[in-house]
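In what follows, a structure is listed as C-alpha cells, so that the remarks can point back to it.
The values are calculated or read from the model by the stated rules, or taken from the named source; none is laboratory data. Bear in mind that the values here come from a model prediction, so they are computed numbers and not experimental data. Every residue, glycine as well, gets a Cβ built from its backbone with ideal geometry; the counts of neighbours run over all protein chains shown.
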Amino acid sequence: MTRRPQALPLDATLYEAARIMRDEGIGDVLVTLGGRLCGLVTDRDIVVRGVAERRDASHTPLGEVCSADLVTVGPDDDLDTAARLMRDQAIRRLPVVDAERRPLGIVSIGDLARADGMGPGVLAGICQAPPNF
C-alpha cells in the first residue's frame, strides 16, 4: 500500500491535480470533501474527461471529472480481499480508508505484484520501474 496518498479537495482544479501527478510521479490523486474520500481522479480522467472535452484545466474542479463511485478497503482488510475486489470490479487502484472514510493509502496492481513475491516476472519489473517522464 502507498501510505499518505496525495489528496486534493473536491473543488481543486484539474491543473492542480496534474501538477501533483507530475511532481510526485503518480497517476492518481484522491479527492476529498471535508477530509473524507469522495472520489479519485487519474491522469486518464484528466485527458479523457477534461482535455478531450475542451475543459479549461485551470478552472475545472475535480468534482466534474473524478470517479465518485469508489470501491474501498479498510486498514485491516487483507491482500486477498484487495486482490479479489480489484479483479471483480476491474479496477487498478483501491483506496484504503478508515471508518470515517478518511484516506489512509492506496493499493495498486503494482503493490499486489510486489507483495505476491513476483520475482523477475514482467509485471513485477514494470511495477518497480521508475516513471519515464
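Residue count for segment 1-38 under the criterion of being in contact with a Cys (Cβ under 9 Å, 6 or more places away or on another chain) and at positive phi: the result is 0.
With respect to ARG55, is the statement that it is part of a helix (DSSP H, G or I), closer than 26 Å to PRO9 by Cβ, at pLDDT 95 or above and not acidic (Asp, Glu) true? So ARG55 fails the test. The residues on offer are GLY74, GLY34, GLY63, and the sole one that is surrounded by 14 or more Cβ atoms within 10 Å (Cβ to Cβ), modelled with pLDDT of 95 or more and not aliphatic (A, V, I, L, M) is GLY63.
Condition (residue is touching a Gly at 6+ places or on another chain (Cβ under 9 Å) and in a helix (DSSP H, G or I)) applied to segment 22-40: is it met by at least one residue? No, the conditions are met nowhere in segment 22-40. In segment 78-110, the residue that is farthest from VAL47 (Cα to Cα) out of those that are in a loop (DSSP other than H, G, I, E, B) and at pLDDT below 95 is ASP78.
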